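Right, one structure below, let's go through it.
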Amino acid sequence: MSSSKDSSSCSAFSRRTFLSSASAALIAAPILTEAHFARAAAMGAGMVPTFSMDGIYLDANENPLGPSEAARKAIADIIPNGGRYAPPLYFNLMKLYAEQMGVPVDHVMVYDGSSPPLHYTALAFTSPTKSFVCGNPTYEAGQRAAEIAGAKIHAVPLAKDYSHDVEAMVKADSGAGLIYICNPNNPTGTTTSKEKIDYVVSNKSAGTVLLVDEAYIHLSDATSAIDHVKAGKDVIVLRTFSKIYGMAGIRCGFAIARPDLLKKLENYGQSPMPITGMIAAQASLMDAELVPTRKKMIADTRNKTFAWLKENNYSFIPSESNCFMIDVKRPGPQIRGLMAKDNVHIGRSWAALPTYVRVTVGLPSEMEAFQTSFKKAMDTPAAAFEEMPMRRGYRDGVRA
Ligand code: PLP
């Protein structure tokens, strides 16, 4: 039984003190994906998500095209083998992926999406004495894991062109454990040049690892940081099949790094891979037309939407990805809330850009519905806005 003396002496230990002394302990952190953030943002704005599939969902950077034809057929064909773990599929996929990335097979590790390795990397390389450095705004999942590891967070504002301000990021803490660069960035859809990534590699401290999250790279003209992995640097690159490959609900992703870095992630967890995810990823990788065709389709729809925004004098951040941000000149959740009434669901806002909303590029027909609903919401006189029932206990739309 604990006495009051016991509990008061326990409370004298801060979480950070505890974590510093528990250096050998592994820390459990919930793996958050874009779906968690999107759902919690809707709840935080007082909306009750219906989770019906017939609305227009432009809120989670998904790909409405879904898996390719070849991936769908591969999934259907593998179903009779669903009773098996199928290790050959696992090794074949790792081998194919490593060949296509031009690295030895021990430099790649497959996961059920890139969320698991993103979390494991943050947990493995940050601690109360090793901080986490990221852009602001950026994708929050790595920061959340680093906070659970007790790390100090240095959220460095993006540069004026919305690229990562790499000089400020390197300067933020010479003892950082991890520098996180999302390229293209979520939520802005903007890219950080290869020269800037090179700058981080050349100027970071020896004990700092650079994590480059390339979830959206196929949608842009950004140059991958893979060459730093090939050169044996302290760099981890993450890729997912959730975006251009349209497999967010099927699940597959990769970490690409030196084997000793990948080994450190293993301590935190590995993914039991669904055979549907593995076979669909393999079929997608073997389809040479998939990436260029989809990149063009999504860019055409995005650019058409940008032309409409310009014609209507709405300000937005030019993006190279499947999402972009619009300045709605009022708290973003107000517009999200109004549009949700039309069953058009747009993305969340970030504390660094509170009057901006993030919108995912959908199908051309979905973007037409977006335009109608968005204009209607923007034309609603400010006085007519209902008080949005914002709930307490949410931070950036996520339960704090
Ligand atoms: N990284 C970024 C930047 C993302 O936006 C997302 C999801 O949207 C992920 C990683 C994780 O995606 P998944 O776990 O579906 O691969």
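The values are calculated or read from the model by the stated rules, or taken from the named source; none is laboratory data. For clarity, every value in this text was computed on a predicted model and none was experimentally measured. Here the Cβ is made from the backbone with ideal geometry for all residues, glycine too, and neighbour counts use every protein chain on show. These area figures cover heavy atoms from the full protein model, side chains too; ligands, DNA and RNA do not enter into them. Shrake-Rupley method; radii C 1.70, N 1.55, O 1.52, S 1.80 Å.
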TODO: Determine if the range 101-112 includes at least one residue that is in contact with a Pro (Cβ under 6 Å, 6 or more places away or on another chain) and either within 12 Å of the ligand (Cβ to nearest atom) or under 22 Å from Asn267 (Cα atoms) (or both).
DONE: yes
- [ ] Please work out if Ala146 is under 18 Å from the mean Cα position of the chain (by Cα), open to solvent by less than 30 Å² (accessible area, probe 1.4 Å), within 16 Å of the ligand (Cβ to nearest atom) and among the small types (Gly, Ala, Ser).
- [x] yes
- [ ] State whether one or more residues within the range 247-268 are of a type in the set (Gly, Ala, Ser) and either at pLDDT below 95 or away from the ligand (no atom under 13 Å from the Cβ) (or both).
- [x] yes
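Table: residues versus (1) within 14 Å of the ligand (Cβ to nearest atom); (2) closer than 29 Å to Val103 by Cβ; (3) in the same structural domain as Met325 (by TED's automatic domain parsing); (4) touching a residue at least 12 places away in the same chain (Cβ under 8 Å).
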{"position": "Gly135", "(1), (2), (3), (4)": "yes, yes, no, yes"}
{"position": "Glu140", "(1), (2), (3), (4)": "yes, yes, no, yes"}
{"position": "Ala159", "(1), (2), (3), (4)": "no, no, no, no"}
{"position": "Pro184", "(1), (2), (3), (4)": "yes, yes, no, yes"}
{"position": "Gly189", "(1), (2), (3), (4)": "yes, yes, no, yes"}
{"position": "Thr192", "(1), (2), (3), (4)": "yes, yes, no, yes"}
{"position": "Glu195", "(1), (2), (3), (4)": "no, yes, no, no"}
{"position": "Val200", "(1), (2), (3), (4)": "no, yes, no, yes"}
{"position": "Ala231", "(1), (2), (3), (4)": "no, yes, no, no"}
- [ ] Quick one: in the range 366-391, of everything that is at pLDDT 95 or above and open to solvent by 80 Å² or more (accessible area, probe 1.4 Å), which residue is farthest from Arg302 (Cα to Cα)?
- [x] Asp379
Open item on the list: Checking Arg239 against (1) more than 10 Å from the ligand (Cβ to nearest atom); (2) open to solvent by 20 Å² or more (accessible area, probe 1.4 Å); (3) under 13 Å from Met101 (Cα atoms): exactly one of these is not met. Which one?
Closed with: (1)
Task: Enumeration of residues in the range 269-282 that are hydroxyl-bearing (Ser, Thr, Tyr) and modelled with pLDDT under 95 - done: Ser271
Task: Selection within the range 353-365 - open to solvent by 50 Å² or more (accessible area, probe 1.4 Å) and modelled with pLDDT of 95 or more - done: Leu363, Pro364, Ser365
Task: First in the range 205-221 and among the aromatic types (Phe, Trp, Tyr), second anywhere and open to solvent by 10 Å² or more (accessible area, probe 1.4 Å) and near the ligand (Cβ under 10 Å from one of its atoms), Cβ under 6 Å, 6 or more apart - done: Tyr216/Lys243
TODO: Hey, could you check the range 161-182 for residues that are open to solvent by less than 10 Å² (accessible area, probe 1.4 Å) and within 16 Å of the ligand (Cβ to nearest atom) and say which is nearest to Ser319 (Cα to Cα)?
DONE: Ser163
Task: Positions within the range 157-189 being farther than 21 Å from Leu353 by Cβ and hydroxyl-bearing (Ser, Thr, Tyr), in sequence order - done: Ser174
Open item on the list: Conditions first: (1) surrounded by fewer than 17 Cβ atoms within 10 Å (Cβ to Cβ); (2) within 12 Å of the ligand (Cβ to nearest atom). Lys95 passes all but one, so which condition is the exception?
Closed with: (2)
Open item on the list: For the list (1) in contact with an Asp or Glu (Cβ under 9 Å, 6 or more places away or on another chain); (2) away from the ligand (no atom under 16 Å from the Cβ); (3) among the hydrophobic types (A, V, I, L, M, F, W, C), I need the number of the one condition that Leu290 fails.
Closed with: (1)
Task: Per-region count, the range 107-119, residues over 14 Å from the mean Cα position of the chain (by Cα) and closer than 26 Å to Ala172 by Cα - done: 0
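Can you say whether Arg348 is under 21 Å from Ala40 (Cα atoms), open to solvent by 30 Å² or more (accessible area, probe 1.4 Å), assigned to a loop (DSSP other than H, G, I, E, B) and assigned by TED's automatic domain parsing to the domain that holds Asn303, as far as the supplied structure shows?
No, not satisfied.
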Open item on the list: Which count do you get for residues in the range 115-133 that are surrounded by 24 or more Cβ atoms within 10 Å (Cβ to Cβ) and within 8 Å of the ligand (Cβ to nearest atom)?
Closed with: 2
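Kindly evaluate Ala215 against the criterion of being within 15 Å of the ligand (Cβ to nearest atom), of a type outside the set (Ser, Thr, Tyr) and surrounded by fewer than 24 Cβ atoms within 10 Å (Cβ to Cβ).
When the stated conditions are applied, Ala215 does not pass them.
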TODO: Evaluate the range 67-83: report whether one residue or more is within 13 Å of the ligand (Cβ to nearest atom), in a loop (DSSP other than H, G, I, E, B), buried (at least 19 other Cβ atoms within 10 Å of the Cβ) and at pLDDT 95 or above.
DONE: no
